[in-house]
Amino acid sequence: MKRSAFTLIGLSFILCHLSFSHAMAQQLWYDRPAATWTQALPLGNGTLGAMVYGTPAVEHLQLNEETLWAGRPNQVLNAEAREYLPQVRRLIFEGRYREAQELADAKVMPLGAGKNCGMPFQPFGDVFIAQPGHTAYSGYERWLDLSEARHIVRYTVGGVQYERETIAPLGSKVVAVHFKASQSGKVTFTASMQTPHDYPLVGMTDLTPTREGSGSAVYLHGVTGKHEGVKTQVRFMGLMTAQAKGGTVTQADGQLSVVAADEATLFITVGTNVISYNDVSGDEQAQARQRLQDALTLGYDSLRVRHGKTYHRYYDRVKLSLKTQQTQQTQQTQQPQQTHPLPLPAGRGVNTSIDNMGVQDNGNMGVQGNASPPSQGGAGGGAALIETFFQYGRYLLICSSQPDDINPANLQGLWNDRMWPSWDSKYTTNINLEMNYWPAEVCNLTELNGPLFRLISEVSQTGRQTARDMYGADGWVLHHNTDQWRITGPVDHAATGLWPMGGAWLCRHLWEHYLFTGDKDFLRRVFPIMADAARFFTQTLVEHPSHRSPLTARPYLVVCPGESPEHGGPGRGSSLDAGVTMDNQLVAELYTEVLQAAEFTQHSTLNTQLLDTLRHQLALLPPMQVGRWGQLQEWLDDVDDPKDDHRHFSHLYGLFPSNQISPFRTPELWQAAKTSLEARGDISTGWSMAWKVCSWARLLDGDHAYKLICDQLTLTPDTFLIIGTTKQRGGTYPNLFDAHPPFQIDGNFGCTAGIAEMLLQSHDGFVFLLPALPQAWPEGSVTGLKARGSFEVDMQWSDGHLQQAVIRSDRGGVCRLRSYVPLKGKGLRRVREAQPAPFLPKTYLYELTTKPGGIYTLHD
């Protein structure tokens, strides 16, 4: 095998190659096979996920199926929780926070009662495809084509060029690998399936014969693993067969062989017995057989065409083109000195690889890039890389969250190779699940919310029992985590899990969907979910014994126990607290949304008592407060530490993703939020840096948001366990997966949303055009971004200034617009407003009356 020695140049390990062809294809390109899972490349169709390694001699596909989880339908509630919650609450109010946490761990949390803490998402296993004689290859390349959602491997052996194309076709529930060669009769391989689950059964089963097919398939039948004392009820079956032109196809002993074919396609699928979160009565064998048979009937060519049409319907809606200050400079810049060898994929083409981001790695790798952005020390930006990273987030959401899926994208999306993944790869609702769907609306993928909305509906049902049995309350509640079985009780330890705000945050996504689409039928359907989430808090908020409103002299109503997620006040020895800022923001937001939704949908006459209670309690919630060093307080008491750099900065929820903090409406709180975010610092976990991109965009500081993108695009080496001397850090893995570390997909989705937020904002009562454009992107264009009010926006800019904007109105109505430059356009009217805060740059506010389906062009 021909392999040249590879030395890391800067951080050059990957080419995100941008080819300026039809549809502006973005590609992640590599010149060698993947050595680790975070160098393999992801494919998915919402149901099946595949990680493709691209090894010539023995290809490796690691597979997941969305419903393949451990366990069975169950709930995790500690039966003693309701009895002991008042004691926990009393200890918190007395300032005995550590004692409150210890009591909660013993008597409230599930571990204290020997219950489980939720079930893990688990892999199906692996497909290995051996091609004899293919170790002596040359001319190797592999790439993931984001514009077509396909993976290609190409190399030469013995003068014959071989190519493997792998797709997970949308609209089908298979993974297909198509083999071809430059000479006839040269496609030969043997494929087999393996699983990490115990005691699988392998064999051969008959299929309905198809043209070019063998009429039989290899199967692997098994059950998922037992976890924390919970025996599984999930069964699965993998099926694999092939169609070939020329040659022969045979199966025996769990192996499938194709010999001397001109072309061949390997079809793989997985079925389970999971019908829903509370129903495992399905037939995994029949499901797998039907999935495979449907694909075989179509054949590879038709599958590929249908896949392309479906995929382009999503992917092509948004296009981003950036020209950075480095675009010309980089081509003239010499490579930095070779400094540190790592066995990672190499880049082809300097100006589109991560080394051009020039991001330092805090000394872990001893390398530094070659450019810096304006007014920042350390990072530069390659236009094609940032475009690709933006579209990669959209690609991953398309692949992991199709409208009719049973489950939404989890902590790792749809991709997991471990039986016991970090945090079980569940749904962490104190930011991670929500961050997965931040790009869905603004990046024009609204239908992909479908699985999330399904989960919200389901936990609103299972959460009723938790509300009743744990709190003695009506409505529903969700704590900081759930899984396929829609658990809603607190899990893990009290320091992280005793946080009853997950349902409130998820309701924000229902409301946002209405704001973006104007779909009142949707709002009517989900209003009972939102109302019952609010109903729970009307019955569980308690009066704080020592904090009162200065306006009414009445005690504040607070959530207790609550917490600023995963983070405690200095000196308290626990994160458990009462009336923390984020809890207050979430309750106030939920109450306000329910009141507005009731008015918009004529529910107000049906819920008079509830709505009156919401109005009354809103006035008794603690307001956001500015602390002693100018910060936005994270807790009700002014105890924030200016040296605190914790990854969570939950008190800034009101800045992003909420809209409670505004430079135009609440300038003092906006300044305080900026002070808090500055104190938190930049370098953190991958997902935290993505959140900071969004937050700095809301602070209208494009240069700082851009610097965070560069920080996030720092290489996190994934061979540290092999080398033994390299420590992982937050950033990005070689396959552009986000690194907490370990891999968490929310960072990918969060950064995509953040880039969109830099270009377009609509949360503050107007559509803000280019609100946080960094100096590093002086020229560019974007098409297809969505704004609240059901508007779609295209923009083009040059020299850092907006040149043209096109507004498409789906439903009509008044579109209010804000811009840093004066605008002209038919029907555009200038709006006079109060003098903004002196620290804000000058902007221009306009109104545009639109008609449904109308298209309006504005220019400077």
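The values are calculated or read from the model by the stated rules, or taken from the named source; none is laboratory data. Bear in mind the structure is a predicted one, so any value in this text is a computation, not a measurement. We place every Cβ from the backbone using ideal geometry, glycine too, and count neighbours over all the protein chains shown. With ligands, DNA and RNA removed, areas are computed over all heavy atoms of the protein, side chains included. Shrake-Rupley method; radii C 1.70, N 1.55, O 1.52, S 1.80 Å.
So, Gly95, is that one crowded, with 20+ Cβ neighbours inside 10 Å and either free of Cβ contacts under 8 Å to residues at least 12 places away in the same chain or on the phi > 0 side of the Ramachandran plot (or both) or not? Spell out the reasoning first.
Working: crowded, with 20+ Cβ neighbours inside 10 Å: no; either free of Cβ contacts under 8 Å to residues at least 12 places away in the same chain or on the phi > 0 side of the Ramachandran plot (or both): yes.
In short, no.
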**Message:** If a residue counts only when it is of a type in the set (D, E, K, R), surrounded by fewer than 15 Cβ atoms within 10 Å (Cβ to Cβ) and more than 20 Å from the chain's Cα centre (by Cα), which strands (runs of 3 or more DSSP E) contained entirely in the range 733-845 have at least 1 such residues?
**Reply:** 828-830
**Request:** May I ask you to list the residues in the range 163-173 that are crowded, with 22+ Cβ neighbours inside 10 Å and part of a strand (DSSP E or B)?
**Result:** Arg164, Thr166, Ile167
**Request:** Confirm whether Thr675 is of a type in the set (Ser, Thr, Tyr) and surrounded by fewer than 22 Cβ atoms within 10 Å (Cβ to Cβ).
**Result:** yes
**Asked** Out of the range 190-204, which residues are assigned to a strand (DSSP E or B) and touching a His at 6+ places or on another chain (Cβ under 9 Å)?
**Response** Leu201, Val202, Gly203
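Looking only at the range 179-188, which residues are over 36 Å from the mean Cα position of the chain (by Cα) and open to solvent by less than 80 Å² (accessible area, probe 1.4 Å)? Break it down into steps so the answer makes sense when it comes.
Within the range 179-188, the first condition is being over 36 Å from the mean Cα position of the chain (by Cα), and the residues that meet it are 181-188.
Ala181, Ser182, Gly185, Val187, Thr188 - these are the residues of the range 179-188 that are over 36 Å from the mean Cα position of the chain (by Cα) and open to solvent by less than 80 Å² (accessible area, probe 1.4 Å).
Take the conditions closer than 30 Å to Val767 by Cα, crowded, with 18+ Cβ neighbours inside 10 Å and more than 28 Å from the chain's Cα centre (by Cα) and apply them to Leu655. Does it pass? Before you say what the answer is, go through the steps one by one.
Details: closer than 30 Å to Val767 by Cα: yes; crowded, with 18+ Cβ neighbours inside 10 Å: yes; more than 28 Å from the chain's Cα centre (by Cα): no.
So Leu655 does not fit the description; no.
Just need a number here: residues in the range 413-425 that are buried (at least 24 other Cβ atoms within 10 Å of the Cβ) and not acidic (Asp, Glu). Full working, then the answer.
Going residue by residue through the range 413-425, those that are buried (at least 24 other Cβ atoms within 10 Å of the Cβ) are 413-416, 424-425.
Keeping just the survivors that are not acidic (Asp, Glu) gives 413-416, 425.
Of the residues in that region, 5 qualify.
Can Gly49 be described as in a loop (DSSP other than H, G, I, E, B) and touching a Gly at 6+ places or on another chain (Cβ under 9 Å)?
On the way: in a loop (DSSP other than H, G, I, E, B): no; touching a Gly at 6+ places or on another chain (Cβ under 9 Å): yes.
Against the criterion (in a loop (DSSP other than H, G, I, E, B) and touching a Gly at 6+ places or on another chain (Cβ under 9 Å)), Gly49 does not qualify.
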**Asked** In the range 488-505, what count of residues is obtained for those that are out of contact with any Leu (no Cβ under 7 Å at 6 or more places or on another chain) and either under 29 Å from Val442 (Cβ atoms) or open to solvent by less than 20 Å² (accessible area, probe 1.4 Å) (or both)?
**Response** 4
**Asked** If you go through the range 566-593 one residue at a time, how many are outside any helix (DSSP H, G or I), touching a Phe, Trp or Tyr at 6+ places or on another chain (Cβ under 6 Å) and over 15 Å from Leu91 (Cα atoms)?
**Response** 2
**Fill in**
A careful count of residues in the range 281-317 that are in contact (Cβ under 8 Å) with a residue 60 or more places away in the chain and either under 26 Å from the mean Cα position of the chain (by Cα) or open to solvent by 20 Å² or more (accessible area, probe 1.4 Å) (or both) gives 18
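Which of the residues spanning the range 515-527 are open to solvent by 20 Å² or more (accessible area, probe 1.4 Å), at negative phi and in contact (Cβ under 8 Å) with a residue 40 or more places away in the chain? Talk me through it step by step, then tell me what you get.
If we filter the range 515-527 for residues that are open to solvent by 20 Å² or more (accessible area, probe 1.4 Å), which is where we start, we get 515, 517-521, 524-525.
After this cut, where a residue has to be at negative phi as well, the list is 515, 517, 519-521, 524-525.
Of everything in the range 515-527, those that are open to solvent by 20 Å² or more (accessible area, probe 1.4 Å), at negative phi and in contact (Cβ under 8 Å) with a residue 40 or more places away in the chain turn out to be Leu515, Thr517, Lys520, Arg524.
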**Prompt:** Hey, any hits in the range 435-450 for a residue that's under 25 Å from His227 (Cα atoms) and surrounded by 24 or more Cβ atoms within 10 Å (Cβ to Cβ)?
**Reply:** no
**Tally of residues being more than 17 Å from Lys707 (Cα to Cα) and touching a strand residue (DSSP E or B) at 6+ places or on another chain (Cβ under 7 Å) across the range 389-407** = 5
**Message:** I'm checking my understanding of the structure. Among residues of the range 678-692 that are open to solvent by 10 Å² or more (accessible area, probe 1.4 Å) and in contact (Cβ under 8 Å) with a residue 60 or more places away in the chain, which one is farthest from Asp641 (Cα to Cα)?
**Reply:** Thr685
**Complete:** Gln101 meets each of (1) crowded, with 24+ Cβ neighbours inside 10 Å; (2) under 25 Å from Val234 (Cα atoms) with one exception, condition (2)
**Message:** Among the residues that make up the range 150-161, is at least one of them open to solvent by 10 Å² or more (accessible area, probe 1.4 Å), over 26 Å from Thr47 (Cβ atoms) and in a loop (DSSP other than H, G, I, E, B)?
**Reply:** yes
**Request:** Tell me which of these Asn430 doesn't satisfy, since it passes every other one: (1) in a loop (DSSP other than H, G, I, E, B); (2) modelled with pLDDT under 80; (3) among the polar types (S, T, N, Q).
**Result:** (2)
**Prompt:** Taking the range 252-278 as the region of interest, how many residues are open to solvent by less than 50 Å² (accessible area, probe 1.4 Å) and modelled with pLDDT of 95 or more?
**Reply:** 18
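How about the range 52-89: which of its residues are aliphatic (A, V, I, L, M) and touching a Phe, Trp or Tyr at 6+ places or on another chain (Cβ under 6 Å)?
First, pick out the residues of the range 52-89 that are aliphatic (A, V, I, L, M): 52, 57-58, 61, 63, 68, 70, 76-77, 79, 81, 85, 88.
Listed by number, the residues that qualify are Val58, Leu63, Leu68.
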**Request:** Would you mind telling me which numbered condition in (1) under 26 Å from Gln101 (Cβ atoms); (2) open to solvent by 30 Å² or more (accessible area, probe 1.4 Å) Leu541 fails?
**Result:** (2)
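Scan the range 596-622 for residues that are within 30 Å of the chain's Cα centre (by Cα) and open to solvent by 10 Å² or more (accessible area, probe 1.4 Å) and report the count.
At the first step, the residues of the range 596-622 found to be within 30 Å of the chain's Cα centre (by Cα) are 596-597.
Filter again for open to solvent by 10 Å² or more (accessible area, probe 1.4 Å), leaving 596.
Total meeting the criteria: 1.
Among the candidates Ala50, Ala40, Ala5, Ala23, which residue alone is under 19 Å from Cys399 (Cα atoms) and modelled with pLDDT under 95? Working first, answer last.
Details: Ala50 fails: modelled with pLDDT under 95; Ala40 fails: modelled with pLDDT under 95; Ala5 fails: under 19 Å from Cys399 (Cα atoms).
That would be Ala23, the only listed residue that is under 19 Å from Cys399 (Cα atoms) and modelled with pLDDT under 95.
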**Asked** Can you spot a residue in the range 573-595 that is within 28 Å of Gly730 (Cβ to Cβ) and surrounded by fewer than 21 Cβ atoms within 10 Å (Cβ to Cβ)?
**Response** yes
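Please go through the range 712-729 and give me each residue that is modelled with pLDDT under 90 and surrounded by 24 or more Cβ atoms within 10 Å (Cβ to Cβ), ordered by number. Show your work before the answer.
Taking the range 712-729 and keeping what is modelled with pLDDT under 90, we get 716-729.
Thr716, Pro717, Asp718, listed by residue number.
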**Prompt:** Any idea which of (1) surrounded by fewer than 23 Cβ atoms within 10 Å (Cβ to Cβ); (2) under 25 Å from Trp511 (Cα atoms); (3) touching a Ser or Thr at 6+ places or on another chain (Cβ under 9 Å) is the one Pro403 doesn't satisfy?
**Reply:** (3)
**Asked** Do we find a residue being over 35 Å from the mean Cα position of the chain (by Cα), free of Cβ contacts under 8 Å to residues at least 60 places away in the same chain and outside any strand (DSSP E or B) anywhere in the range 851-860?
**Response** yes
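Just to be sure, is Glu512 open to solvent by less than 10 Å² (accessible area, probe 1.4 Å), of a type in the set (Asp, Glu) and touching a helix residue (DSSP H, G or I) at 6+ places or on another chain (Cβ under 9 Å)?
Working: open to solvent by less than 10 Å² (accessible area, probe 1.4 Å): no; of a type in the set (Asp, Glu): yes; touching a helix residue (DSSP H, G or I) at 6+ places or on another chain (Cβ under 9 Å): yes.
Criteria not met by Glu512.
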**Request:** Please go through the range 47-77 and pick out each residue that is within 19 Å of the chain's Cα centre (by Cα), closer than 30 Å to Thr466 by Cα and not acidic (Asp, Glu).
**Result:** Thr47, Thr67
